[in-house]
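Beneath this line is the structure, given in structure tokens, with notes to follow.
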Amino acid sequence: MARLVLCVLALLVAGGHSESVRKTTHKVADPVLLQKQWDLLLLYSHPHEPNYVESCQTIYKTWTLEKNIEHYSNVTAVKIYIEMLENDWVLPKGVPFSVHQHEHAFEATTLFNVLYSAKDYDTFYKTAVYLREHVNEYLFSYVLTVAIVNRKDTQGIYVPHLYDVFPSFFNNGEVMATAWRIHAHGYKHIDYYPSTYKWDDNVVIRWNETVYPYIQSKHPIHSFTHDYQLSNWYYNHHVAFPYWLGGEVVPLVKDRRGEWFWFLHKQILARYYMERLSYGLGEIPVLGHNVVKIPYASGLVYHSGVPFPTRSWNFHLDQPELVKDIEKIYEYEHRVSDAIAKGYLINHVGEHINLRTPEAIDILGRVIEANVDSPNGQYYKDFISIWKKVLGNSPVFEPQYHNNFVPLVVPSPLEHYQTALRDPVYYMIWKRVLGLFNQWQEQLPYYKTEELALPQVAIQKVEVDKLMTYFENTYMNVTNHLYANEEEVKQGRELVSVLVQRPRLNHKEFQIRVNVNSEVAKTVVVRLFLAPKYDGQGSEIPLHINSQNFFLFDEFVHELPAGESVITRDSVDNWNTARKELDSFQVYESVLKALTNKGQFVVDQVENMVKFPHHLVLPKGRVGGMPYIMMVYISEYRAPATPYGTGFDPTASLGCGSGARYITDEPLGFPVNRPLYAWQVEDLHNLHFQDVLIYHKPTPEIDTHIVV
């Protein structure tokens, strides 16, 4: 394992959404893209420190916003930010940033408008270099990523995983303190620390989640909730669809953002519920009005040394300091619930918007998220963020103010997208929120048989390989968190590379074979779902209730021939998941070799930043096998209203693009996007339920080697 260079960062591969696109996802980076990749990669290196690159130092010492204001299309935003910098009305370096804090979000939005409105790449890059030295590192990295994702001249740029940029969001204080000690002493005292060992040129820290005084944070399911790639995936979705970004600037509304907001969280809750059942934890608790019994202490510590807020056992919601927030939550929830019951929303000019149509899911999602594309953000407000603030117990810290203007806050894990999935209460909040969507779905008519059926096509049988899960070790590099000493800056490389060994759930690859008889040749969409068979009490779950628990783990377009055929699907080809991850040193080395004419840097977009982590497709299951239901559904292909790839290049993007990300025009999660009753599907031949067992085995007992 090679020693990492100072600016090396692990990167996700990003990619397209259809079989036809997957064939064209490899291309060699040209010199222009290559230089952009190198330049922007360096800006994420050691974000808590000054930029040590000599060319960057020259830029931020000689370049200013004032002298180049004509190079921006949004002059107003530039002038506002110049004033904010001059008066020191910006978030100071080293303190926590919260996108849910109004003043923080205002600075983030203004900074984005500055970067996004740069008329050319050179201005964009120099602006980023200049602002890196003046802006809070958390806010800067966040906004820079959003800008890279949305600018046309940065399509195809690999953006570092957040856990490589800020590993302290993903490892507790004990792990990070050990990393600091290793960095200070080098290889001298490795044997002194019981959790460390040397591996080639690296020092490895064995991850430990049960740390005094945070023993109560130990939870059997945190192999799922604390999976750092899952948390990074959730964060990436917010980067792709920031609640504050939209309108005419970046028309995310064309990308069915409200419907996607609902579907994303339905998927998360369905997958979490299956994991709970694997551990015998039963139903997700209901979030009520009085007491939250579940405590949470993350053990996370901000880079400044301030610990994340904790929540005690039996957390009471009737505390005097919480009363106003709780009242706001109930009022804002009631406004949405009342609109659903009446069948219409009221927009900002008092007009009625019909909610009794299937397409209204997109509007309802925008309203509940309270994003900038909500038809009436002044009335239908954000109650989800208030829930997170209250239940994360961040009000325990009274905010201080920088220059009497910028609040200095200590957000809880619930208030960061990259840490929210860790807290069990997150899923309670979303069970409550999805209840509003369920209330709306109950107002819609049931699907008719002809809407679900695919005449002339019949699934004869489905065969599934034995499904098996296991735990394996992964290694997160945390060196980017550690300050480079004088010798490391001089040599331009890390003298000691520090890794954290973490266990993660994975599964043995498997194949699904769907035997089909079709009277005609046609293009179809095949969807594969997984759901629990029994609830926490051991009772079989009725289909209409279980509809909300179906997890869509794969979907693809298939050319179905006439006659009998077998649709063979290997899990490694899974459409909805990101399987491939590039080694950080390989990424760095590939770019460096290409820059020095010693090789090529291949832009491989097979995977992307918004695809679900492949290793978490299957829930853990049990040693003796745990029953689940696999649903195979075949429907006729309906081309999306906006052809896939319109507005962006699928072979050179992070998997994001307005109006062009979907392979079909059908509703997300169809046909279980509404409650589905047994009587609706009993005569369908294009829908098949298959009982499957998921086994869990210790890694040495199974052959995990896969030839791809």
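The values are calculated or read from the model by the stated rules, or taken from the named source; none is laboratory data. Note that the coordinates shown come from a computational prediction; the quantities given were computed from them, not determined experimentally. Positions of Cβ are backbone-derived with ideal geometry, glycine not excepted, and every protein chain shown enters the neighbour counts. Surface accessibility is based on the protein's heavy atoms, side chains included, excluding ligands, DNA and RNA. Shrake-Rupley method; radii C 1.70, N 1.55, O 1.52, S 1.80 Å.
How many angstrom lie between the Cα centre of region 289-339 and the Cα centre of region 72-123? Region 289-339 and region 72-123 have Cα centres spaced 30 Å from each other. Within the chain, DSSP assigns beta bridges of which about 85% are antiparallel (rounded to the nearest 5). The residues of the chain expose on average 40 square angstrom of accessible surface per residue, using a 1.4 Å probe on protein heavy atoms. In this structure the amide hydrogen of A578, modeled in the peptide plane, comes within under 5 Å of the amide hydrogens of F612, H614, none closer than 5 places in sequence on its chain.
Taking a straight line from the alpha carbon of K188, these lysines sit under 16 Å away, with near neighbours fewer than eight places off in the same chain left out: K198.
Mean projected area of the convex hull spanned by the Cα atoms of region 52-186, taken over all viewing directions: 9.7 nm². Residues of region 280-324 with an amide N closer than 14 Å to a point placed 7 Å from the Cα of Q537 along the Cα-to-Cβ direction: 282-284.
Highest-first packing order for the peptide set 86-97, 284-295 is 86-97, 284-295, based on the mean count of other beta carbon atoms within 10 Å. With all pairs of separate Cα atoms included, region 381-499 yields a Kirkwood hydrodynamic radius of 21.3 Å. Sorting 342-348, 220-226 by average packing, meaning the other beta carbons within 10 Å per residue, from highest down gives 220-226, 342-348. Taking 0.36 nm per residue of separation and subtracting the current Cα-Cα distance, fully stretching the chain between Q35 and N597 would add 201.1 nm. If the chain linking Y379 and K27 were pulled fully straight, counting 0.36 nm for each residue of separation and taking away their Cα-Cα distance, it would gain 121.9 nm. Of the peptides 523-532, 611-620, 98-107, the order by per-residue mean of other Cβ atoms within 10 Å, starting with the highest, comes out as 611-620, 523-532, 98-107. The Cβ shell under 10 Å around V457 holds other residues with a net charge of -1, Lys and Arg each +1, Asp and Glu each -1.
Each principal axis of the Cα cloud of the chain was evaluated for its coordinate range; sorted largest first, these ranges are 72, 60, 52 Å. Shown in residue order for region 77-88 are the 3J(HN,Hα) couplings computed by the Karplus curve 6.51 cos²θ - 1.76 cosθ + 1.60 at θ = phi - 60°: 4, 5, 5, 4, 5, 4, 5, 4, 5, 5, 9, 6 Hz (x for Gly and Pro). Using label points projected 7 Å from each Cα along Cα→Cβ, tell me how many nm separate E327 and Y192, to one decimal. Output for this residue pair reads 5.6 nm. Computed over protein heavy atoms with a 1.4 Å probe, the carbon and sulfur contribution to the accessible area of region 197-333 reaches 57%.
A straight Cα-to-Cα reach below 23 Å connects K61 with the lysines K36, K79, K93, K119, K126, K490, residues fewer than 8 places away in its own chain not being considered. Taking a straight line from the alpha carbon of K448, these lysines sit under 30 Å away, with near neighbours fewer than eight places off in the same chain left out: K254, K266, K342, K431, K461, K522, K533.
Quick one: net charge of E636's neighbours, Cβ under 10 Å, K/R +1, D/E -1? Residues near E636 contribute +1 overall. Think of the chain as a dipole: +1 on every Lys or Arg Cβ, -1 on every Asp or Glu Cβ, centred on the Cα centre; then among V672, N549, S518, N549 lies furthest on the positive end. In this simple spin-label model, placing a label point 7 Å from the Cα along the Cα-to-Cβ direction at both K461 and H348 gives a separation of 6.0 nm.
Full extension of the segment from D122 to K448, taken as 0.36 nm per residue of separation minus the current Cα-Cα distance, would add 111.8 nm. Taking a ≥ b ≥ c as the square roots of the eigenvalues of the Cα gyration tensor, region 482-577 is oblate, since a/c reaches 1.5 or more and a/b is not larger than b/c.
Projecting label points 7 angstrom from Cα along Cα→Cβ for S337 and D200 puts them 5.7 nm apart.
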